[in-house]
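Right, one structure below, let's go through it.
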Amino acid sequence: MSLPKTLAEDVARNLVMVARLIDEDPEQAYAFSRIALRLASRVAAVREAAGFAAYATQRYAEALAEFRASRRMTGSVELWPVMADCERGLGRPERAMAMAGESEVQKLDKAGQVEMRLVAAGARRDMGQIDAAIVTLQSPELASNAVHSWTPRLRYAYADALLEAGREDEAREWFGKALEADKDGSTDASDRLAELDGVEFVDALGEDAESDTNGEDDANGLSAEKAEKAEDDVQADSRHDADADVDADSEADADADSDSGRGGDADGPTRA
């Protein structure tokens, strides 16, 4: 479907923003996809972009509806695996498994078939069928030494399933193979390997900052001790001065009493 030039440009700008933001800020990408959808809801590319934006923000029902709309417009089966994964996201792994057995899978290219295998294995795991998930992932693509865009994820999924099944040694081996193929860092295979080997990463900068803080606390504590001692000294001096004042007052009162006694004796004979 063709759009007027100005409208087509507006739609294109929004789709560009969806593609640019979908990994780093999926919510913002979703917002742009909604704008494009309002402008051109009858364009298959817009429905597909809206579907992926909804999928990235875990709005699985909405994503599935958009993918279905795009498929009706184009007749393509390319979105079949992600549609099945939306069924998983909606808590319907059995529907995802059913889609994995449909004829549409045979029409997918190799990358699409691998994606479908990953989704099917995930559905098996959702249903608690870990051994079946492992078998699902065992394929010529997994055994191949050739590296494709999907190779790291396939090996990683296999390693993760092995680990869940308690087959730790095999899992370590396949995490290593995933890491070898993962030149772009699309998985966290290196972290998983380190975890299995008991390696802990220490934030040296954080430790230095903590040491500095402790040093400041020690210094502050020492200063507080000095201040407390000085205050005690001041209070002791104050008490000493107060005692001295009391003694002086007592002596003055004694002198006054003595003077009063002598005056009384002199007046006595006069009054007599």
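Quick check: anything in the range 128-141 in contact with a Pro (Cβ under 7 Å, 6 or more places away or on another chain) and of a type in the set (A, V, I, L, M, F, W, C)?
no
How many residues does the range 49-69 hold that are closer than 21 Å to Gln28 by Cα and open to solvent by 60 Å² or more (accessible area, probe 1.4 Å)?
5
Tell me the residue from Ala111, Ala121, Ala157 that is in a helix (DSSP H, G or I) and within 15 Å of Trp80 (Cβ to Cβ), please.
Ala111
Which condition breaks for Thr57 when tested against (1) touching a residue at least 40 places away in the same chain (Cβ under 8 Å); (2) touching a Pro at 6+ places or on another chain (Cβ under 8 Å)?
Evaluating Thr57 over (1) touching a residue at least 40 places away in the same chain (Cβ under 8 Å); (2) touching a Pro at 6+ places or on another chain (Cβ under 8 Å) leaves (1) as the failure.
Got a sec? Which of Arg72, Arg20 is under 27 Å from Thr151 (Cβ atoms) and either at pLDDT below 95 or part of a helix (DSSP H, G or I) (or both)?
Sole residue among the options that is under 27 Å from Thr151 (Cβ atoms) and either at pLDDT below 95 or part of a helix (DSSP H, G or I) (or both): Arg20.
Given the residues Arg92, Arg72, Arg34, Arg42, which is the only one that is surrounded by fewer than 21 Cβ atoms within 10 Å (Cβ to Cβ) and in contact (Cβ under 8 Å) with a residue 40 or more places away in the chain?
On inspection, the qualifying residue turns out to be Arg42.
Return the residues of the range 122-141 that are of a type in the set (Gly, Ala, Ser) and either under 16 Å from Lys110 (Cβ atoms) or open to solvent by less than 40 Å² (accessible area, probe 1.4 Å) (or both); say none if nothing qualifies.
Of everything in the range 122-141, those that are of a type in the set (Gly, Ala, Ser) and either under 16 Å from Lys110 (Cβ atoms) or open to solvent by less than 40 Å² (accessible area, probe 1.4 Å) (or both) turn out to be Gly122, Ala123, Ala132, Ala133, Ser139.
Checking Ser144 against (1) among the polar types (S, T, N, Q); (2) open to solvent by 50 Å² or more (accessible area, probe 1.4 Å); (3) without any contact (Cβ under 8 Å) to a residue 12 or more places away in the chain: exactly one of these is not met. Which one?
(2)
Which residue out of Arg153, Arg172 is farther than 18 Å from Ala121 by Cβ, touching a residue at least 12 places away in the same chain (Cβ under 8 Å), basic (Lys, Arg) and out of contact with any Asp or Glu (no Cβ under 6 Å at 6 or more places or on another chain)?
Arg172
The conditions are (1) within 24 Å of Ala50 (Cα to Cα); (2) surrounded by 13 or more Cβ atoms within 10 Å (Cβ to Cβ), and Asp109 fails exactly one of them. Which is it?
Answer for Asp109: the failing condition is (2).
The values are calculated or read from the model by the stated rules, or taken from the named source; none is laboratory data. Bear in mind that the values here come from a model prediction, so they are computed numbers and not experimental data. In this analysis, Cβ positions are derived from the backbone assuming ideal geometry, glycine residues included, and neighbour counts consider all displayed protein chains. Heads up: the accessible areas ignore ligands, DNA and RNA and are worked out on the full protein's heavy atoms, side chains in. Shrake-Rupley method; radii C 1.70, N 1.55, O 1.52, S 1.80 Å.
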